[in-house]
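The values are calculated or read from the model by the stated rules, or taken from the named source; none is laboratory data. Remember, it's a predicted structure, so these values are computed and weren't measured experimentally. In this analysis, Cβ positions are derived from the backbone assuming ideal geometry, glycine residues included, and neighbour counts consider all displayed protein chains.
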Amino acid sequence: MRQSLNNLSFLFSLLLPVLLPSWRFFKTVAPSPRIEVARFERGSDGAWVQVQDWQAFRPAPRRLSFGALVAQIFWNPDRNAQLYLVSCAERMIAAQEEGRRCARSFNEISARLSEALWQAPRTGRAPLAAFRFRLIFIWRAGQELRHDVDFTSDLIALDARA
Amino acid sequence: MSLDFDQARRLCDLLLAVALVLQALEHVVGNGDGPRTRRLFAAQGVFSVALLGGLAPAVVLSALLITSCATLWRFNGPYNGGSDKMRSLALFALWLAHVLPTRGGQELALAYLAAQLVLSYLVSGWIKLINPDWRSGAALRDVFAYSAYPVSEGLRGWAQHPRLLWAMSWAVIGFEVLFPLTLLQPRALLWGLALAALFHAANACLFGLNRFFWAWIAAFPALIWLQARLLGL
């Protein structure tokens, strides 16, 4: 009964801003998150070794043709998924600043990274690996753009998928 | 061009169905979602096709409301912020516009959707107008310089053109703040809506916000109807 009431209250908290939206788009340009990933593999002594520098997860392409820009109006799943991960990163850091842990957003990011890394082509007989991700927030300080690492995950093993 | 209530409601149904089908396809065919989420969006796709065909709209919209709540739950809130809000709001208003027992109640529901459409531009424009960074073009510079939105790294170069960004900022602010005035004259509203569609298309092309385009134009017929209703056309 108590769980049902909690669920109902949670659903209501999700619905209210939908039915009574504030429409305050771009009130300010907030610090903007990027997700970076680094791969780890087990060394000969069994310890985890970072085998790859931190890399942006699915960075935007250098350029897009006019046709590709227009086609996005009709079909843009990867970009929308990327913007969803940006929302998850913002929710994680907002929770962190309030002293909470946003497990759902963390799980969402790690699950999608895990899936992407698992599907990525591997060279030779590379062993099953692990990864860490970090959230970098970019913001303006005067004329400079600052990059702050606001979160770094523990090792997340891909072995569990084997 | 004016629409009566039934025409406006049907057109809103059709445009919303297109928005929902495209969203469902992106989740079912695109990468990233698990099987349960894909099934949820497959159901949304089927119901949306039924809405396109005009099959029992009250029942179909009820089913779509349930899938909409389920996706809000699944993603712990909106998947893509404002576009999810407008799409769900349109869904809720159209559902009421079909299920409420009196024509007065149904008209109020459609009028609520139209009013929210106007507010979406007015409020959004007003908060930019009172922000000095938007008035100077600095806010839009930062959107291009470091926000997550530009769809290619090449677009970040726009941050180096302050005059262009100043002009773009004032074009957006002017359009959004003045949009409610288009309600005074039917032809002005059509021009206003055409400009709005162009604005959303530009956001889709530059920032990848394609779902905003479809969610917002789904509410346009409601506003065309409301204007005719208010002006007694």
Do we have any residue at all in the stretch B:111-125 that's over 24 Å from B:Ile173 (Cα atoms) and in a helix (DSSP H, G or I)?
yes
Only residues in the stretch B:63-82 that are assigned to a loop (DSSP other than H, G, I, E, B) count as the first member; pair them with residues that are of a type in the set (A, V, I, L, M, F, W, C), Cβ under 6 angstrom, at least 6 apart or cross-chain, and list the lot.
B:Gly77/A:Leu14; B:Asn80/A:Leu83
Does the stretch A:130-159 hold any residues that are under 18 Å from the mean Cα position of the chain (by Cα) and either within 14 Å of chain B (Cβ to nearest Cβ) or on the phi > 0 side of the Ramachandran plot (or both), and which are they?
A:Leu135, A:Ile136, A:Phe137, A:Ile138, A:Trp139, A:His147, A:Asp148
Taking the stretch B:138-165 and keeping residues farther than 18 Å from A:Pro61 by Cβ and surrounded by fewer than 17 Cβ atoms within 10 Å (Cβ to Cβ) leaves B:Gln160, B:His161, B:Pro162, B:Arg163, B:Leu164
Of the residues B:Ala58, B:Ala43, B:Ala17, B:Ala24, which is crowded, with 19+ Cβ neighbours inside 10 Å, away from chain A (no Cβ under 14 Å), touching a residue at least 12 places away in the same chain (Cβ under 8 Å) and in a helix (DSSP H, G or I)?
B:Ala17
Can you tell me which residue within the stretch A:91-104, out of those that are assigned to a helix (DSSP H, G or I) and either within 7 Å of chain B (Cβ to nearest Cβ) or out of contact with any Leu (no Cβ under 9 Å at 6 or more places or on another chain) (or both), is farthest from B:Gln23 (Cα to Cα)?
A:Glu97
Looking at the stretch A:3-15, I want the residues that are among the aliphatic types (A, V, I, L, M) and have a partner that is not in a helix (DSSP H, G or I) with Cβ atoms under 7 Å, at least 6 apart or on another chain. Which pairs are those?
A:Leu14/B:Gly77
Within the stretch B:65-86, of all residues that are among the hydroxyl-bearing types (Ser, Thr, Tyr) and closer than 21 Å to A:Arg24 by Cβ, the one farthest from the chain's Cα centre (by Cα) is B:Tyr79
Condition broken by B:Leu129, with the remaining ones in (1) touching a helix residue (DSSP H, G or I) at 6+ places or on another chain (Cβ under 7 Å); (2) farther than 21 Å from B:Ala19 by Cα; (3) away from chain A (no Cβ under 13 Å) satisfied:
(3)
Go over the candidates B:Leu181, B:Leu233, B:Leu165 one by one and state the one that is in a loop (DSSP other than H, G, I, E, B) and out of contact with any Asp or Glu (no Cβ under 6 Å at 6 or more places or on another chain).
B:Leu233
Residues located in the stretch B:205-219, provided they are more than 16 Å from B:Ala109 (Cβ to Cβ) and among the hydrophobic types (A, V, I, L, M, F, W, C):
B:Cys205, B:Leu206, B:Phe207, B:Leu209, B:Phe212, B:Phe213, B:Trp214, B:Ala215, B:Trp216, B:Ile217
Of the criteria (1) outside any loop (DSSP other than H, G, I, E, B); (2) closer than 26 Å to A:Ala89 by Cα; (3) more than 14 Å from the chain's Cα centre (by Cα), which one B:Gly32 fails:
(1)
Scope the stretch A:36-90; condition at the interface with chain B (Cβ under 9 Å from one of its Cβ atoms), part of a loop (DSSP other than H, G, I, E, B) and either over 21 Å from B:Asn31 (Cα atoms) or among the charged types (D, E, K, R) (or both); matching residues
A:Arg62, A:Arg63
Taking the conditions exactly as written (within 21 Å of the chain's Cα centre (by Cα) and either within 9 Å of chain B (Cβ to nearest Cβ) or surrounded by 14 or more Cβ atoms within 10 Å (Cβ to Cβ) (or both)), does A:Pro21 satisfy them or not?
no
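Yes/no per residue for (1) closer than 30 Å to B:Met1 by Cβ; (2) in contact with a helix residue (DSSP H, G or I) (Cβ under 6 Å, 6 or more places away or on another chain); (3) within 14 Å of another protein chain (Cβ to nearest Cβ); (4) at pLDDT 95 or above:
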{"position": "B:Ser136", "(1), (2), (3), (4)": "no, no, yes, yes"}
{"position": "B:Glu153", "(1), (2), (3), (4)": "no, no, yes, no"}
{"position": "B:Trp170", "(1), (2), (3), (4)": "yes, no, no, yes"}
{"position": "B:Pro180", "(1), (2), (3), (4)": "yes, yes, yes, yes"}
{"position": "B:Pro186", "(1), (2), (3), (4)": "yes, no, no, yes"}
{"position": "B:Leu190", "(1), (2), (3), (4)": "yes, no, no, yes"}
{"position": "B:Leu198", "(1), (2), (3), (4)": "yes, no, yes, yes"}
{"position": "B:Ala204", "(1), (2), (3), (4)": "yes, yes, yes, yes"}
{"position": "B:Phe213", "(1), (2), (3), (4)": "yes, yes, yes, yes"}
